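The structure appears below as structure tokens.
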Amino acid sequence: MRDRFPLLVVGGLVLTAVLGSLLVKGAKRGEFADTLSTYRAHEDGARALFLLAEESGLPVTRRMADLRITGADTSTPVLLAVEVEGSREDDLEQTQLAAEPDAGLGDEHVPRVGFNAFRASHLDDREVTELLERVVAGGTVVYVPWGSRENPLLDALGVKLTKADTTLPMRTLVPPFPSPYTLGVERVEVKVQAYLELPENAVPVLEDERLGRMVAAVVPHGQGRVLVVGAPELAMNGALARADNAQFWLSSLRALGPGPYEFDEFHHGFTNERSVVDFARRYGLQFAVLQLLVGVALWSVALKRFGPPRPPPESARVGATDALFAMARLYREGRHHAFAAKLVSRGLTQELALHAGLPAHATHTAVSDALKERGREDLARGLNDVAARAETAANDSDLQQLAARAAGLRQRLHSAGSARRSTPGTP
């Protein structure tokens, strides 16, 4: 096992390096979060929208908890590509149209990316109820659905989505009439996912310039309002630089109320819980992985002894010598030379067995064969010689020569360094 340990260490280091590289690559700053998350700085993230509102003086924050308990909170939830439990597609033709590829925007399900894909959740029925009660009481909500599937939230607002043709190029959207929601907005350029079929009391905000179909509208519900946008790309980082896209968000958010505007990150996989896994998803663990590699390297190096062995303390050396002389006297007086020789041979066999990668109870023949396979024929010959002498030892001289021969083999066990010179008069 000791001979295999360096190989295991090297394999462990390589495996750790590969896993660390994958972890660091997947947890890069800006690519670790989900699509349309305000933490995602990639092209399909919404980090730029959050920073735009913040730099423009709008009170913005991120919500890390679900929407089941809202209380007397007066903030405006902003739901970007948050899927709702119970979503469905009633029109099969819509489903076929949505199946056509369009760089990810043609999919009816939010493309899950990054480490948060495993923790992203739907807006459940209870959260939908709490959200609607909040709007009825006078609250405001921004909802940017992904795809054209119907869901309980849109049903309660009386809004139906119609899938836009994914083969159409980028659309130009214009305000149908001046309103506070489009203050300073002349045109918006974006790819449309779905057109809105609105109730009579809805306030149109943006419409397709050529088709005349609504893409964004404010829907009253109770005493409150909900801004529904059928173009999720409008909130993406890459789209804010086009035309008046950025101005549309600033005007719309200001017209909805004083805020604060609470961007939902809970349903993108972020919570208030702090853990190593959350830290890894957000910032990566390259430094922790590097520390682990250094620790494993130091641990493997610590198993190797450098320099000659240190001599034992004087008291331990004298005590061991006295015990050895006492045991030698007992064996000599009882004429147990053959038994003592077999003990010496057995101890040497056990020590060489570990060096050969065999269990300690292996026979000297098996140990000898294993040593030959490892290129240590000198140790194999010496072990066979010691085993043969142990069978014929009959006096003190034979036992002394056997012990000296075993000691010489132990000195040659490690190839590093040269064996010490034997005591004069011993082979």
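The values are calculated or read from the model by the stated rules, or taken from the named source; none is laboratory data. Predicted, not measured: the structure shown is a model, and the values here were computed from it. As a convention, Cβ positions derive from the backbone with ideal geometry for all residues, glycine included, and neighbour counts pool all protein chains shown. These area figures cover heavy atoms from the full protein model, side chains too; ligands, DNA and RNA do not enter into them. Shrake-Rupley method; radii C 1.70, N 1.55, O 1.52, S 1.80 Å.
Couple of notes before you dig in:
- Counting only residues that are assigned to a loop (DSSP other than H, G, I, E, B) and either open to solvent by 20 Å² or more (accessible area, probe 1.4 Å) or farther than 25 Å from Val110 by Cα (or both), segment 209-235 holds 7 of them.
- Exactly one residue out of Ala394, Ala362 is modelled with pLDDT of 75 or more, assigned to a loop (DSSP other than H, G, I, E, B), among the aliphatic types (A, V, I, L, M) and open to solvent by 60 Å² or more (accessible area, probe 1.4 Å): that is Ala394.
- Any hit, segment 265-284, residues being in contact with a strand residue (DSSP E or B) (Cβ under 8 Å, 6 or more places away or on another chain), modelled with pLDDT of 80 or more and open to solvent by 40 Å² or more (accessible area, probe 1.4 Å): yes
- For Tyr261, the conditions (1) open to solvent by 10 Å² or more (accessible area, probe 1.4 Å); (2) more than 18 Å from Phe177 (Cβ to Cβ); (3) not hydrophobic (A, V, I, L, M, F, W, C) all hold with the exception of (1).
- Check on Glu43, at pLDDT below 70, touching a helix residue (DSSP H, G or I) at 6+ places or on another chain (Cβ under 9 Å) and in a loop (DSSP other than H, G, I, E, B): no
- In segment 238-258, residue least open to solvent (accessible area, probe 1.4 Å) [restricted to those that are closer than 17 Å to Ala46 by Cβ and part of a loop (DSSP other than H, G, I, E, B)]: Leu240
- Pairing residues of segment 227-250 that are of a type in the set (Phe, Trp, Tyr) with residues that are assigned to a strand (DSSP E or B) and open to solvent by less than 20 Å² (accessible area, probe 1.4 Å), at Cβ distances under 6 Å and at least 6 apart in sequence or on separate chains, gives Phe248/Val188.
- Condition met for Leu183 (open to solvent by 70 Å² or more (accessible area, probe 1.4 Å) and at pLDDT 90 or above): yes
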